[in-house]
Structure formats: structure tokens, C-alpha cells
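The values are calculated or read from the model by the stated rules, or taken from the named source; none is laboratory data. Everything quoted here is computed from the prediction, not taken from an experiment. Counting neighbours? That spans all protein chains shown, and the Cβs are built from the backbone with ideal geometry, glycine included. Accessible surface areas use protein heavy atoms only, side chains included; no ligands, DNA or RNA. Shrake-Rupley method; radii C 1.70, N 1.55, O 1.52, S 1.80 Å.
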Amino acid sequence: MKKKMLLLNTTVLLGLGGVLSTPAYASTIQDMESQKSQIQKKRQDVQSNIKAASDELTRLQAEQDQMKAQLERLTLAEEENNKKAQKTEADIKETSKQVAQLEKEIKLLQEKLEKRNDILKDRARSMQESGGNVEYLQVLLGSSSFGDFVDRALAVSTIVDADRGILTETKNMQDELKTKQADVKSKLASLEDMKAELDEMTVQLAAQKKQKDALAKELKDKEAKNEELKASLQSKDSSLANEQSTLEQNIKDQKAAEEAAEQAAKEAAKKAAEQAQKAAAAPAEKTDSSSAKAEAPKASSNDVAPTSAPAPKASNVVTVGNRWIGNSAYVFGGGRSQSDINHGLFDCSSFVHWAYSQVGVNLGSLGSVSTETLKHAGTQVSSSQMQPGDLVFFDTYKKDGHVGIYVGGGKFIGAQSSTGVAIANMSSGYWKQKFNGRVVRI
């Protein structure tokens, strides 16, 4: 009996030893674990790089979107300013025609007046020769000019009706001449202002075009960089996928081999044990296995309620326009419709009107706002008493041709023709030269 038990124990131990002492599998498992650890670390590094690249792509995309929007604004501004330039050119041509026509009419009037002058002189001489009205002759001789003669002659009560009719008609012609001359001067002044505005507009259009081209080049460069990053990201992602696939396949194959070896060893041990049991004629012991279940902890989450924005204050007028910096373009006469405002298209006065409207201050009708209306919108104060929120005026293409909002520190915010809405320095350089000292407190 003891001999049989010894044989049984020896057989079982030999079978288990086949499972526990296979050096090839032990070595392969250690290699696999080491390889797995290395690939996992590499994967973490790659995933970190992918996240960084993704963040950079997101940032670049946001920049591109912003630049594209600005290019669209500049394109709209260029179109509107070109329309304004064409209209101004047409107005100049039309005004020039009117001036030329007025000059012709003035010349004809002057010729008529000269003839009337000769007629009156002849009549006065004739009257003198025939011993006529001395008072009439004194009027002619005492006048300092022909215009003075007409005014004085009409006051003489003894002038014959025929002469009075000529004088009255001559007086009317003189008045018409003065009116036309004043009209010519007014139109010429308007023409000069339009020409100055057109010249300024041409300069700003060139500056806007230059800015647009620079932004287009910058956008193109950033897009190339974006594509390069995307290609690099895709390459890394492909490499990571291949390594991960290889690792998973290797682990799968190794597990399959290990399970097969273990199963074969178990079957061999079982067969050996059965043979030993038969030899010993002893009952086999059965073992039970049990399993435990673990509950996963429940996760909880907290919600954060959004906060509402504070109500605008009048003091915020110096900063409310910051949202348009880098997101706007200058358009002559722009900013007077909701569409323009939505696209960030302003001129100097419409931007000031918009900024004050955002803090609850109405500066009059948006459609008619101008530097002329704004300089009368509040109280004139000395430039030495200037404080943030005051309106400051500049002589550009005409007196008070530009307006902005003083923000302090010698700077103001406004819709500048070359940059759109921006903060500019008025304590030195161009704007210092153009500042005319007018300050209006709203």
C-alpha cells in the first residue's frame, strides 16, 4: 500500500513539475512584460505629443478663422470705400461742370453790366449837355464805383421813369451776380473738401490693401504650417496604431501559446494522476472553487451654474470698444446700419456713437451722426482738464475731421482709417500733430 502511495505522489509531482519548470515560457513572458512596459511608455509619449499637436491645431484654426473674418471685413471695406471714391469723383466732375457754367453766366452778366454802365453814362452826359437834372449828375460824379452809382441813383427821386427802369434792372443783375459768385465760392470750397477727402481716401485704400495683402500672406504661411502639423500628427497616429496593433497581436499570440502549454501540461498531469489512482485504487479528491464579486464605486458629478454679465456702466465707454480691436475695418460713412455694425465696419463718428450707446448714452440719430454733430453733443472743456471718456478731435483732411474717445495716458480709442478700431497715441507722432485741442465731455 505504501509503495502505491509513493508511486502516486511521484507521478503527480512529475506532472506538476512539467508546468512549473518550463524555462522557455518564463523567459518569453518576462520579455513580453518588458516590451509591453516600453510600448506603453512610448504610447504615453506619443499620446502626449498628439495632444500637444491637437491643441496647436485648434489654436491655429482659431487664428485662421479670425484672420479670415478680418480679410472679409477688409474686402467689404475696400468695396465700400471704392464706391465712395467713385461717387466722390463723379461729384467732383459734376461740381466742376456747374462751376464752369456759373463762370460763363457771370461773364455774360458782367458784359451786360458794362453795357448798362455805358448807357447810363451816355444818358448822364446827354442830360448834362441839355441842362438836365443836376442832382442826377452829382450822383454819377460822387459815386465811388458803378455799384455805388446804381444804389445812389435809385435813391434820387427826380430820375425819369426810363432811367429808373434801367437802374432797377441793373440792380437786379448785380444782386444776381453776387448770388452766383457766392454760389461759385461755396461750390469751389465744397469741391476742395471733396478733393481732400478723396486724396485721404486714396491713401487709406492703399494702406488697407497693403494690410489685406500682409494678412493674406500670413494666413497662407499659417495654413502651410497647419498642414505640416496635420501631416506630422497623422504620421505619429499611424505609427502609434501600428505599434499598438503589433503589441496586441503579440500579447494575444503569447497568451494563446501559454494557455495551450498550460492546458497540455494540465492534461498530462491529469492523465498521470489518473494512472496513479488506478494503480493505487484510491478515490480522487475533488476541489471546489469560488469566486468573489466586487462592486465598482459610484461616480458623482457637480454642475456649475453660469454667471450673468454685469450691467454696462458709463465709465466702461473707454473699454467697451476693445472687442473690435483686430476685428474691424474703416469705411467712410460706415457703421450706420446694423449690417455694418455686425461686420465691424465703422468710421470714426459712428464708432463713438456705437460705444456710447453700449453704455446707455444716446448721441442722437445714428444715420446723421458726424464729427460736426459730436463736437456739439456735450460740454467743451480745456485739453488740460481732459479725462477718460472725453471726445477728442483732430484736424485731418478738414478741421475736426476725426474724433475718438480719450482712454487716459495720452491715448485714445477710435476707428482709424488705416487700422480699423484701435488705440492710438496722441501724445507723440502723427496724432499729436493732428490734435486741435478740442475736447468735448459727454
- Item | Estimated vicinal HN-Hα couplings, Hz - segment 97-111 in sequence order (Karplus 6.51, -1.76, 1.60; Gly, Pro = x) | 4, 5, 5, 4, 5, 5, 4, 5, 5, 5, 4, 5, 5, 4, 5
- Note on the structure: Using alpha-carbon positions, the gyration tensor of segment 389-442 gives root eigenvalues a ≥ b ≥ c; with a/c under 1.5 called rounded, otherwise prolate if a/b exceeds b/c, else oblate, the class is rounded
- Message: Keeping every protein chain present and rolling a 1.4 Å probe, give me the accessible area per residue for segment 211-254 in Å².
- Response: 68
- Determine ³J(HN,Hα), in whole Hz, for all residues of segment 321-338 in sequence, where each value follows from phi through the Karplus function 6.51 cos²θ - 1.76 cosθ + 1.60 and θ = phi - 60°; x replaces Gly and Pro. x, 4, 5, 8, 5, x, 10, 8, 8, 8, 10, 4, x, x, x, 10, 9, 5
- Express in Å², to the nearest 10, the accessible area of residue 376 obtained by rolling a 1.4 Å probe over the protein heavy atoms while all chains stay in place. 130
- Task: Convert each backbone phi in segment 394-411 into a coupling constant with the Karplus relation 6.51 cos²θ - 1.76 cosθ + 1.60 (shift: θ = phi - 60°), then list the ³J(HN,Hα) values in order as whole Hz, x for Gly and Pro.
- Result: 9, 8, 9, 6, 7, 5, 6, x, 9, 9, x, 10, 5, 10, x, x, x, 10
- Task: Would you mind getting me the FRET efficiency between residue 106 and residue 382? Use the beta-carbon distance for r and R0 = 51 Å, nearest 0.05.
- Result: 0.65
- The long-range amide H neighbours of residue 438, using H built 1.01 Å from N in the peptide plane and a cut-off of under 5 Å, are 393
- Query: Where does each of 114, 176 land when they are ordered by accessible area, with a 1.4 Å probe and the largest first?
  - Reply: 114, 176
- Can you tell me the order of 388-397, 217-226 when each peptide is scored by its average per-residue count of other Cβ atoms within 10 angstrom, highest first? 388-397, 217-226
- Message: If I take the Cα coordinates of segment 306-442 and project them onto the principal axes, what are the three extents in Å, biggest first?
- Response: 46, 29, 27
